[in-house]
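What follows is a short report on a single structure.
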Amino acid sequence: MPEHHDELATCSERRLSPSDTSEPARARPAARPRIFVAGDSVAAERSPDNEVLSGWAQHLAAELVGEVEVVNDSRDSATARWYFVQRFPLVLNETRPGDVLVIALGACDQAIARPDLYETPAEYMGWLELIVQYAREAGVVPVLATQTPRHFFDSNGRLTTPYVDYSPLVRKLARQAGTLLLDVQELAGQVVAAAGPEAARGYYRWFDPGEHRQHPEGVVDTLHLNRQGARMVAREIARALHRLGLVPGHASELPPVMPRERDLSATEARRQYEHWRRLPNRLAAPELATPVDGKPVASVVRLRGRAPSGSRLIALLSDSGAYLGYCLVGPNGTWTWRSETAWPAGLHTVQLLAVSETARSGPVALSFTVSSRLDPPRVTRPAGGSNNGPRAVFHGLAEGATKVAAMSEGRWLGQVDVSPDGCWRFQLPHDWHAGDHIIEFVAIYGRRASTPTLFPFRVITVPDDHWLGRDPVGWQHCQPAGSCPHIRRDKPAGAKNILE
């Protein structure tokens, strides 16, 4: 089964339509510099009393000293393409020469499993290039920003990047265009890495069931920030803006922003583990919903299920009985757990104990296999390099994948589901032009994408510059009385006009 990813939930909570042309927050007359933030849901404005979800840009002004105004025009679901089309012209109307534009887009663009948001690397860089170009023409100083670090620690406890990461593209574009760079991933990543896998979750929207009133059933979101995380990122950005000479100073005297602590810390839970094991076995066994026992999963698999009545938490043990972690049980008895570090490839078995104040359940074992790779899809027909008509149909196999995406010349073409037997079928909804083409097929499972399969083929149809492909001259002025000369010769007399 594919893994569900709550980190993109905010990209779905507010669907942005082309009709959303509301004006950005008006910038009041103020001393320069002014900083405009063009960002996505990670930077977007939230309610000041929202503890579990906060945008870093809403805290930026508090981290700066001097007469600096921050205009946060970040939007949920914003991709580089959407922002350029829908928001950027309005923002330019509000800017004046000398203002700073921080371009912090990419979290949604790189979501390859979301065709409504995804931009290929070439498309993503193309839209950013246009934003930089028009900003410069308006006298605005563009600053490219890499994505905020995600809570993604490998099996050795080292902070790393997810399977798809567009921050290297931002660094590349900054070098090519000679644009100032805010390497947020590197700067804030140092803070996240120093906190370590367990404590660092306190910077993110990661809450156990019953741990916070806003998420009674819990949430595991390793992308979006809670209030502490947003303040931490804003502080690192403020320092970087000062080093770039764009602001007069930052609030350096403030103490560091520490991650939110769980009610039962990891250290205290380890200490209580032996006590939990010694409790009498009087509770029913916890139930498992996902993953399915024995099925292959991604390295950041989440375990979900239901606990017996009266349970306070679920403790997780390795196959040898070593303590792995715990999660609280929600008001309706559900529980969700994800390890703070990725699982190494291979077969794993965990044991689960339901724990109350006075009793525990017997252990329930769950086995799953973490796949270390995702093979590129195979094209079974037509043959590579073969001749095809303008409506070519591609068939193939993609074992272990849930979807197959198609791209050509850096542009997204479409995406299809993979059937349970691994088969897939792709066809464009319009004709291919005549000539030689190369199409790229990519297998997708969760957030993972395979390396592309490059498939060459040739299309035999009327060339674009051939007279048969052009509209007949004068067809707009034909008379309906039957004297029109543009009648198809392969039809009997009286057949409809070719252009009707």
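Assign one of three labels to the range 106-171, namely rounded, prolate or oblate, based on the Cα gyration tensor with a ≥ b ≥ c the square roots of its eigenvalues; rounded applies when a/c is under 1.5, prolate when it is not and a/b is larger than b/c, and oblate otherwise. Oblate, since a/c reaches 1.5 and b/c is not below a/b. The distance separating the Cα centre of the range 108-124 from that of the range 391-419 comes to 15 Å. In the range 304-359, the inverse of the mean reciprocal separation of distinct Cα atoms equals 12.0 Å; this is its Kirkwood hydrodynamic radius.
Using a probe radius of 1.4 angstrom, the carbon and sulfur fraction of the accessible surface of the chain is 52%. To the nearest 10, the accessible area of K403 is 60 Å² with a 1.4 Å probe.
Solvent exposure of the chain, expressed per residue, is 46 Å² of accessible area, with all protein chains present and a 1.4 angstrom probe. Annotation: Y203 carries an accessible surface of approximately 10 Å², with a 1.4 Å probe and no ligand, DNA or RNA atoms counted. Averaging Cα coordinates gives a centre for the range 432-468 and one for the range 299-350; these two points are 44 Å apart.
If the chain linking E409 and Q190 were pulled fully straight, counting 0.36 nm for each residue of separation and taking away their Cα-Cα distance, it would gain 75.2 nm. Within the assembled protein chains, the solvent-accessible surface assigned to E287 is about 110 Å², based on a 1.4 Å probe.
Bridges between two residues of the chain, per DSSP, are antiparallel at a rate of about 75%. Working from label points 7 Å from Cα in the Cα-to-Cβ sense, the Q133 to L454 distance is 2.7 nm.
Note on the range 263-353: with charges restricted to the Cβ of Lys and Arg (+1) and Asp and Glu (-1), its dipole about the Cα centre is near 140 debye. Taking the Cα centre of the chain as reference, the dipole from Cβ charges on Lys and Arg (+1) and Asp and Glu (-1) amounts to some 480 debye. One chain, two ends: T402 and A177. Fully extended at 0.36 nm per residue, the span grows by 77.3 nm beyond their Cα-Cα distance. Could you tell me the distance between the Cα centroids of the range 259-276 and the range 222-245, to the nearest Å? Here the answer is 29 Å between Cα centres.
Taking a ≥ b ≥ c as the square roots of the eigenvalues of the alpha-carbon gyration tensor, the chain is classed oblate because a/c is 1.5 or more while a/b is no larger than b/c. Taking each DSSP H run with n ≥ 4 as -39500 (n - 2.57) and averaging over every residue of the chain yields -5500 deg cm²/dmol at 222 nm.
The values are calculated or read from the model by the stated rules, or taken from the named source; none is laboratory data. Please read these numbers as outputs of a predicted model, since none were measured by experiment. As a convention, Cβ positions derive from the backbone with ideal geometry for all residues, glycine included, and neighbour counts pool all protein chains shown. These accessible areas exclude ligands, DNA and RNA; they are computed on the full protein's heavy atoms, side chains included. Shrake-Rupley method; radii C 1.70, N 1.55, O 1.52, S 1.80 Å.
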